[in-house]
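The values are calculated or read from the model by the stated rules, or taken from the named source; none is laboratory data. This structure is a prediction, so every number in the text was calculated from the model and none was measured. With ideal geometry, Cβ positions are generated from the backbone for all residues, glycine too; neighbour counts draw on all protein chains shown.
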Amino acid sequence: MRKKLLLLLALGSWPSYSYSESIAPYWGTTGNVIADQSLNWSMGGVLPEPLGLDIQNVIYSYKIQKETGEWVTVHVQNENANGTGYIFRETDEWKPGTSTGMGINKVVPVGDLPRELWGPGSIDIEGNGSVYDANVIYTYKVTPCYDPQYDPNCPGYKVPTPNIVEVNLDDLYDVFDDENVDLERNKSIEQDDINLEENERKKKEEEEEAKRKYRLEKALGAADAASLFAENARIQQMNLVAAQNLQAYVIAGIPGGVYNDVVDLRDSKLPDAKTGLRNGLAQQLLHKQMVEMQYNLNTN
Amino acid sequence: MLNFKSGIGIALLVAGATAAHAQQNTPINGTVQSRCIIQTDQPGIYGNPNAYTLSTTNTDGGSPPVIRVDVTLAAAYYLDITAPSAFSSAPSLPDVVTWAGDTTVKSMSDSTNMGGYETGKLETGYTDRYDLTATGSTWFETTSTATLGGSRAFPGGNYTALVTAACIAK
């Protein structure tokens, strides 16, 4: 039961989450559209770019400058872009008795009027007077899904289909109708194309193998170079140490005097050593045995 | 036992007497939303152009308070705005203060129907009374100047004065 309730709750809240934030309507306000004392402005540079923009309110203020006895009429207005007259026109009567410095602050709701209807705006003055510190602001609402194709989540969105040009097949070039084309030759070309693909594949594999070998050689070369460098460094170090310990010459004291021959060989008969004789004989016998062994092998 | 019974009998007798003269007051509640709403649009600031003067005039370094009045029912209210005639809080002053003040219409939402507010107002002392004949918003500005007697210097400290505005139903 509890699971069912949770499921119902989730289903109930689903639409609010499935409604993308990017397509939700949003509201905004322009800055003051009166940039100078000309009291004229164009809506193109005032409103933001998006389609689906509707103006909802015109907020304006200004101060009147006139003699107390004068009657001045002030119109704040926008021309109708799709026709004659005005899409918006608000009139303020400044009757005698009102004086310089009095101001007006007004918020005029206009409903939701699409931006396409809003032509150039102006403040028009009738009578002897002028306005200053004028400020005109528009509030607007933007509905992104005004164009259903704006976002796939917009109601009425249609999946775009590619524009496929219809071609009359009869007008197409038919190779079978071409007398200059040898179809057998085309077959060989197709076969060649297959072979070409195979060759290209093999060529790529060979290139890849060559690259692998090259990289391996480079790596080994780098390792050898490193070991060689280390060996050289070791030898240099040894030489350096040896040079420190080795003297260029030897200082030795040689005592003077005469060294007489101390060997005294007297003439006598020197007999042959019997051990040497036995040894020689034994070697001779061994030699003979070895020589005979080869003949024995052959006979076997 | 006897006492208990008589006690009940008295109680019933009293209850019967109450039922015979039942009376109850039932309230009727209601809330009236004023059609005239006053709010402070901008608080004022006293400038101190010299030692003995406090002024809300811009040229004196001050800023006048602005009161906004929104009316949703035409010709139903007067508006009384009273400029200050005393400090609501201030340091102890060594002399008497002389006050001057005035209220004017600063701005409006309907010049055609509110343009006559300023010329049609009634001034009584520090109070200006406006006849709110049109619906919409009107902004009133009150200036106030306080001068200490004998050209004495205002003691240092914070000074506060209040402008009072009231919608009075006709």
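Remarks
- Leading residue by the ranking (surrounded by the most Cβ atoms within 10 Å (Cβ to Cβ)) among those in segment A:76-88 that are assigned to a strand (DSSP E or B) and more than 14 Å from chain B (Cβ to nearest Cβ): A:ASN78
- Candidate set from segment A:110-123 (those that are assigned to a strand (DSSP E or B) and touching a residue at least 60 places away in the same chain (Cβ under 8 Å)); member that is nearest to the other protein chains (Cβ to nearest Cβ): A:ILE123
- Within segment B:136-170, the set of residues being at pLDDT 95 or above, within 22 Å of B:GLN39 (Cα to Cα) and in a loop (DSSP other than H, G, I, E, B) comprises B:TYR159, B:LEU162, B:VAL163.
- Restricting A:GLY69, A:GLY119, A:GLY101 to those that are on the phi > 0 side of the Ramachandran plot and in the same structural domain as A:ASP36 (by TED's automatic domain parsing) reduces the list to A:GLY101.
- Candidate set: segment A:89-102, residues that are assigned to a strand (DSSP E or B) and in contact with a helix residue (DSSP H, G or I) (Cβ under 9 Å, 6 or more places away or on another chain); chosen: the one farthest from the other protein chains (Cβ to nearest Cβ): A:THR91
- All positions within segment B:111-147 that are of a type in the set (Gly, Ala, Ser), surrounded by fewer than 22 Cβ atoms within 10 Å (Cβ to Cβ) and closer than 25 Å to B:THR160 by Cβ: B:GLY125
- The number of residues in segment A:56-71 being more than 9 Å from chain B (Cβ to nearest Cβ) and assigned to a strand (DSSP E or B) comes to 8.
- As a summary of the residue check, B:LEU79 satisfies the conditions (1) over 21 Å from the mean Cα position of the chain (by Cα); (2) within 21 Å of B:ASP41 (Cα to Cα); (3) of a type outside the set (Ser, Thr, Tyr); (4) more than 14 Å from every other protein chain (Cβ to nearest Cβ) except for the one numbered (1).
- Residues of segment B:94-142 that are among the β-branched types (Val, Ile, Thr), closer than 24 Å to B:GLY62 by Cα and within 12 Å of another protein chain (Cβ to nearest Cβ): B:THR104, B:VAL105, B:THR138.
- One residue from B:ILE67, B:ILE37, B:ILE28 being surrounded by fewer than 17 Cβ atoms within 10 Å (Cβ to Cβ) and either touching a Phe, Trp or Tyr at 6+ places or on another chain (Cβ under 9 Å) or in a strand (DSSP E or B) (or both): B:ILE37
- Residue in segment A:133-140 that is closer than 17 Å to B:ASN113 by Cα and within 11 Å of another protein chain (Cβ to nearest Cβ) present: no
- Residue match in segment A:91-109 (condition: more than 28 Å from B:THR142 (Cβ to Cβ), in contact (Cβ under 8 Å) with a residue 40 or more places away in the chain and loosely packed, with under 13 Cβ neighbours inside 10 Å): yes
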